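See structure below.
The values are calculated or read from the model by the stated rules, or taken from the named source; none is laboratory data. Everything quoted here is computed from the prediction, not taken from an experiment. Here Cβ is always computed from backbone atoms with ideal geometry, including for glycine, and neighbour counts include all displayed protein chains.
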Amino acid sequence: MPGVMYDLSYESVVADISTETKALLNYCELPWQEQCLRFYDNKDASTTASASQIRQPIYRGSLNRWRRYSQQLQPLQNILEQAGICCD
């Protein structure tokens, strides 16, 4: 949805977190702060299912992991592609 949602891929963040973070913040009209790159140093409480993951830097281990579920995701992918949203 151009102009409504920001398209950001995990792969691009892993490849260049600084550039991608700056672009996202710019889109959201938020100021750049160096600590954005050190999100894992934040000691505030987190009660999410991924609480342990947010305490570590970006890592490559999850790249393309979604492909394991590509068969189950196929109906959703078809709907998104019909709406003009690329799912690669």
Q. Is there any pair with a first residue in the range 35-63 that is modelled with pLDDT of 80 or more and a second that is surrounded by 10 or more Cβ atoms within 10 Å (Cβ to Cβ) and hydroxyl-bearing (S, T, Y) whose Cβ atoms are under 6 Å apart and which are 6 or more apart or on different chains, and what are they?
A. C36/T21
Q: Spot the failing condition for Q71; the list is (1) out of contact with any helix residue (DSSP H, G or I) (no Cβ under 8 Å at 6 or more places or on another chain); (2) exposed (fewer than 10 other Cβ atoms within 10 Å of the Cβ); (3) at pLDDT below 90, and only one is missed.
A: (3)
